[in-house]
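S.K.: Just passing along the structure, written as C-alpha cells.
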Amino acid sequence: MSKVVFETEDEEEVKVDKDWKPRILAFLCNWCSYAGADLAGVSRIQYPATVRVVRVPCTGRINPFFILKALTDGWDGVVVSGCHPGDCHYISGNLVARRRFALLNELLEFFGIEPGRVNFMWASAAEGERFAVLIEKATERVKKLGPNKRFLKKW
C-alpha cells in the first residue's frame, strides 16, 4: 500500500493511502442542484460515490452551523449547491446564501480550515453533466487536502 504525503499550512506531514477517497456531504437545493443530480443519475453520468446528499428547500435556508457541524463530525469536505444567482425559486434565497457563504469562508479561514474543504457552486436542473463535473472537481480539491483532522472533536 503506497502512501501519498500532503503538506498542510503548518508544515505537518499528513500520510494518506493512495486509495483514500474523501467523504463529502452535499447540501443541494431541491429545485435546481438536486434536480441536476437526479438528471445526472438518470442520464448515467458518473460522479464520485463518496458524496452524500442532503436535500434542502433552498441554499438560503442552510445555516452555516450545518457546515461547521459536518466538519466537526468527520466529513472531509462539504459542498453547497443551488440555483444560479438570480434564478432562485424563492426570489433571492441564493443571493442571501452567497453573502452568507462569503462571510463563512472568512470564518473558516480564521479557524484554519483549508480553502477547498468547503465548496460552493451553482447548477440548474438542466445541468446534470455540469453538476457531475463540479462534484468531481470538488472531490479532487478535497482529496489533495487529505483527511479532515484539523477540526475533529478529540475525546
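The values are calculated or read from the model by the stated rules, or taken from the named source; none is laboratory data. Bear in mind that the values here come from a model prediction, so they are computed numbers and not experimental data. Cβ placement follows ideal geometry from the backbone for every residue including glycine, while neighbour counts extend to all protein chains displayed.
S.K.: Return the pair list, or none, for Cβ contacts closer than 6 Å from residues in region 64-75 that are closer than 11 Å to Arg150 by Cα to residues that are modelled with pLDDT of 95 or more, at least 6 apart or on different chains.
M.R.: none
S.K.: Under 8 Å between Cβ atoms, which residue pairs at least 6 apart in sequence (or on different chains) link something in region 92-111 that is touching a residue at least 12 places away in the same chain (Cβ under 8 Å) and hydroxyl-bearing (Ser, Thr, Tyr) with a partner that is in a helix (DSSP H, G or I) and surrounded by 12 or more Cβ atoms within 10 Å (Cβ to Cβ)?
M.R.: These pairs meet every condition: Ser92/Gly60.
S.K.: Could I ask something else about it? Scan region 101-129 for residues that are buried (at least 17 other Cβ atoms within 10 Å of the Cβ) and either closer than 16 Å to Arg44 by Cα or touching a Pro at 6+ places or on another chain (Cβ under 6 Å) (or both) and jot them down.
M.R.: Answer for region 101-129, where residues must be buried (at least 17 other Cβ atoms within 10 Å of the Cβ) and either closer than 16 Å to Arg44 by Cα or touching a Pro at 6+ places or on another chain (Cβ under 6 Å) (or both): Leu104, Ala125, Glu127, Gly128.
S.K.: Select from region 127-139 the residues that are of a type outside the set (A, V, I, L, M) and over 11 Å from the mean Cα position of the chain (by Cα) and write down the one among them that is nearest to Asp76 (Cα to Cα).
M.R.: Restricting to residues being of a type outside the set (A, V, I, L, M) and over 11 Å from the mean Cα position of the chain (by Cα), the top hit is Phe131.
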